[in-house]
1. Given the criterion touching a strand residue (DSSP E or B) at 6+ places or on another chain (Cβ under 6 Å) and polar (S, T, N, Q), identify the matching residue among THR363, THR338, THR345.
2. Looking only at residues in region 220-246 that are basic (Lys, Arg), within 23 Å of SER187 (Cα to Cα) and assigned to a strand (DSSP E or B), which one is least open to solvent (accessible area, probe 1.4 Å)?
3. I need a count of the residues in region 190-211 that are assigned to a strand (DSSP E or B) and open to solvent by 10 Å² or more (accessible area, probe 1.4 Å).
4. Kindly list the number of the only condition in (1) at pLDDT below 95; (2) touching a Phe, Trp or Tyr at 6+ places or on another chain (Cβ under 9 Å); (3) under 22 Å from PHE225 (Cα atoms) that fails for ILE286.
5. Residues being more than 20 Å from ALA902 (Cβ to Cβ) and open to solvent by less than 30 Å² (accessible area, probe 1.4 Å): count how many of those fall in region 791-811.
6. I want to confirm something. Restricting to region 912-942 and keeping residues that are more than 27 Å from ASP417 (Cα to Cα) and touching a strand residue (DSSP E or B) at 6+ places or on another chain (Cβ under 8 Å), which single residue is surrounded by the most Cβ atoms within 10 Å (Cβ to Cβ)?
7. Can you name every residue in region 303-329 that is free of Cβ contacts under 8 Å to residues at least 40 places away in the same chain and farther than 19 Å from ALA374 by Cβ?
8. Please list, ordered by first then second residue, the pairs with beta carbon atoms under 7 Å, 6 or more apart or interchain, first in region 637-651 and over 11 Å from SER518 (Cβ atoms), second among the aromatic types (Phe, Trp, Tyr) and surrounded by fewer than 24 Cβ atoms within 10 Å (Cβ to Cβ).
Amino acid sequence: MCSRPPPSLAPGGKMKKFNIRKVLDGLTAVSSPSPSPQLGSKENELIPETLQSEHFQLCKTVRHGFPYQPSSMAFDPVQKILAIGTQSGALRLFGRPGVECYCQHESGAAVIQLQFLINEGALVSALADDSIHLWNLRQKRPAVLHSLKFNKERITFCHLPFQSKWLYIGSERGNIHIVNVESFTLSGYTIMWNKAIELSSKAHPGPVVHISDNPMDEGKLIIGFESGIVVLWDLKSKRADYRYTYDEAIHSVAWHHEGKQFICSHSDGTLTIWNIKSPAKPVQTITPHGKQPKDGKKPEPCKPILKVEYKTTRAGDPFMIFSGGLSYDTVGRRPCLTVMHGKSTAVLEMDYPIVDFLTLCETPYPNDFQEPYAVVVLLEKDLVVIDLAQNGYPIFENPYPMMIHESPVTSCEYLADCPVDLIPALYSVGSRQKRQGYSKKEWPISGGNWGLGTQSYPEIIITGHADGSVKFWDASAIMLQVLYKLKTAKVFEKARCKEEKPSTEIVDEDPFAIQLMSWCPESRMLCVAGVSAHVIIYRFSKQEITTEVVQLLEVRLQYELNDLESPEGGGDQTPAPPTPSTSPSPQTAGPQTHPSTSSNSSDGMRDNIPCLKVRSSPLKQSPGYQVELVVQLVWVSGEPPQQISSLAINSCYGLVVFGNSNGLAVVDYLQKTVLLNLGTMELYGSNDPYQRQLRSPRKSRQPSGGLCDINEGSATSEDRCKSPTSAKMSRKLSLPTELKPDLDNRDNSFSRSRSSSVTSIDKESREAITSFYFCETYTRKADGGLTPSLWVGTSLGTVLAISLNMPPAGEQRLLQPVIVSPCGTLNRLKGSVLRMAFLDSTGSLLPSAFEPWYEPNAPANGEERDKVRKRRPVSVSPSTSQELNENQYAVVCSEKQAKVIALPSQTCVFKHNITETSFVLRADVVQMNTGICVACFCANGHIMTLSLPGLRPLLDVNYLPLTNMRIARTFCFSNLGQALYLTSPTEIQRITYSQEVCENLQEMLGELFTPVETPEAPNRGFFKGLFGGGAQSLDREELFGETGAGKAPRSLAQHIPGPGGIEGMKGAASGIVGDLARARIALDERGQKLSDVEERTAAMMASADSFSKHAHEMMLKCKDKKWYQF
């Protein structure tokens, strides 16, 4: 724990007292009304508040997961960095595992192409809004140095030759423009489409789909037009050397490294190979997946080949790799990547459509043998890397956390600063779940360096998914790695086909989806609630067991008061619900049924049957989380059970509690019995304050921002690290209809309920249970001591208490019953209750009591078992020598306000109205380094923190307007200033609200750019030097510069300086290749060139063309020597 011990109140000790007059400190302009201290709270002026507004600052830290809706990709073969662009203008950069970075183009337009300035620490992006941008990657947070926005042309293709500063840009009109990437200015040199094709075609050739220079001659440019025309353009003479026409549209073009042949892929599934000097017809035409007719006719057309790459090897046959091209009769076949190598053709099936692929080669030089070793395939929802060097082309194991969305995320929890033994324990059971058959080689994307973070505390993220799986992630030090995966659906029988689906299911799809999770990190007990009104309790074990019979309890929670028996006697006894719910039914043959009422009776009314069928066969349980008990709500007189809205577990008491819009149930998971099953109204007893007609207390609320189905964060916390263990309240909110189509339906409501005869008005007027907290506290004003209790919060803002009379620990705990008795109402707030917590008399957070973890499957006669049973649970209670009258404070936060209540007197000492116009979606009481606070996330996008116990506003930032359900469902705060939410269906965004973390973030982030020597250029060999025929260089500066080509028209494109200039200059100044970079990415803002940079630019120009000059000198030397002088 990072919290300091509570300050002592010794006489003479100086300490900052909390002064009510300073309540308005840190109140920002947008903040809501100030907290109002209540009368008679003198003692509270003595409680120090260490947290001040300067301790808080909000910023994004890292984004994990697969880039949502990817659109383009590039790779730097020297730096070994991968870049992925998306349809929303995001840029994700990946180096070695743990080095990743997220940037965003301001316009939000789709990224259509990416080009690295290889080994320069820079990247060019082309966007669908016809802008190009130069990113500086030499700083930890990359920034745009320059932008260029085209006004009259639509960009379709870009090409930047290796070690060149001139970027070729092809347009929809068929023209090619040239941009200097140092100054981001347009050259006056333009290749117009009509000049390129001249009389070879009467029609317009279509957009430019490909540009590349001949690997052996930089002066020759190949231009592919969509219609099927390819032109070899001579840059010096400004005319076309050859034109190649084919009657099918072109999708891509690739060169053989010797520059004598190129290959085109076409829309009819063919590949054509051309010799550059034979434009009349292709040397070879192949339809790799087409059936060859016997009579010599053309093979039948196939699907388009969208991209082809042609890579040579020194020792063997070249590789031809392409996507698409399958025959049309392969209906239902998955997308494929085809690898042709010599006589073998491998068709590699992918799980999702292919967006792009790149072949990774040993050399960055296009005029050398390429030696391909891997293929990176970017799919719509995955990234796959194939090992070309091993037989069978195995894939590499992806070390990035990219499968967060393997099944859609339906709930999320975050625990920062949790017990240190947890991550190793989860890792050891999770490592046995690893798949086999991956490539033995190291992951090839290995660039960058890790940050030097000093943050040492362990962090865990838990994600619940639509298929019923729960994943545990190690999130320490801004990394993310999956530790362990639990499949909760294994407990149930699965329908093999749609016809077999039980008619009792209450959701159309994903019946096992996880809705809520409650976790006690110290005892490792886990409890999950699913959408089919089921709760499963798990224990953690390192040993494998086989459970012969899954223990099952069925609970009948209903709304109608007269259907339930009234509580007996003076309230000490447990109110007895109808027998079906109390009798534990360790089932023998499927879930327990009751012949008199159960199943579908003659009139078809379903009664006493659960939504899902628990499996009857033995269940083999691997090390990790193992089922302890399944609790299911059943249908009542034809009414389906209502979904669970709140959930909590406590390992010290051995209890689980859950609630919905009908009421709540308390379950003893040690004795496997239902202790309490009460409708919400009965919790009030005779003091029910509400007139319970059918009314709709929430109809007037119109949330800001489009919301479809909000699952509100509200929960209890069973752990020392104050986890936001969740219990969420599901609530329908009406939406303007025009907003609804914008929200991703599947993503925004994973629980579409089947019809229910309860009218919507009736549902709206019900009071749901929204929040729980287990604690040792005072439940009545007259209480002289602390007793175990359960606090309950409802959707109408009521806080109630239930006292728990626990038997002695050890054997007696398993034999004697736990006595549960409702104590009535304690307080009321505006809006639904989201979170409760308790402070001791010094203002320190009181964690819930817990039992330390032990191995549940230790041998019965083993010493460890005896030790375990003798161990007393750890109960955290305040010290006995308390000098103040008020012994504890309850903190309660609702959708609208927060209150601090003194106990046992139950007087409200502080109150703060958080928001008038919106409502809080998630609230957590969190431990910071120097104190505790309440953190809130509002539906209007504000993130706020309030001091404790004074409820002074410390932070209020308008961060993120709530645009969809996903954010509301997954947002959670954790300790030490950490928070997260799902920013897209595939990505987790982590943020911090701590000033300290913001300051240290720069150190913690990894570095993308590392100084690496560029490999030597290929040796041309003696005879090529003697007789010519090697690579021909070109003085592009002379050709494209202002002196040679003049200026481009100003109206064509507009130059926009980027924000990253100055920092980029600093970044470029360091490192081995600093001089080179200074000249390459000349960071001369607004054209003011420093003389120093000018000199280096000249030096750089010389080094950029050194390859050709060395070749020229070699030729001169050889020219005058006799053959015997060599």
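1. Working: THR363 fails: touching a strand residue (DSSP E or B) at 6+ places or on another chain (Cβ under 6 Å); THR345 fails: touching a strand residue (DSSP E or B) at 6+ places or on another chain (Cβ under 6 Å).
Every option except THR338 fails the conditions.
2. Initially, region 220-246 is screened for residues basic (Lys, Arg), giving 220, 236, 238-239, 243.
Add one more test, that the residue is within 23 Å of SER187 (Cα to Cα), and what stays is 220, 236, 238-239.
Adding the requirement that they be assigned to a strand (DSSP E or B) leaves 220, 239.
Values: LYS220: 44, ARG239: 133 Å².
Only one residue fits best here, namely LYS220.
3. Within region 190-211, residues that are assigned to a strand (DSSP E or B) and open to solvent by 10 Å² or more (accessible area, probe 1.4 Å) number 3.
4. Result: ILE286 passes all but (2).
5. Taking region 791-811 and keeping what is more than 20 Å from ALA902 (Cβ to Cβ), we get 794-796, 802, 804-811.
Then drop every residue that is not open to solvent by less than 30 Å² (accessible area, probe 1.4 Å), which leaves 794-795, 802, 804, 807, 810.
So the count comes out to 6.
6. Across region 912-942, the extreme among qualifying residues is ILE914.
7. Of everything in region 303-329, those that are free of Cβ contacts under 8 Å to residues at least 40 places away in the same chain and farther than 19 Å from ALA374 by Cβ turn out to be LYS303, TYR328, ASP329.
8. PRO641/TRP635
The values are calculated or read from the model by the stated rules, or taken from the named source; none is laboratory data. Values in this document were obtained by computation on a predicted structure and should not be read as measured data. Counting neighbours? That spans all protein chains shown, and the Cβs are built from the backbone with ideal geometry, glycine included. Surface accessibility is based on the protein's heavy atoms, side chains included, excluding ligands, DNA and RNA. Shrake-Rupley method; radii C 1.70, N 1.55, O 1.52, S 1.80 Å.
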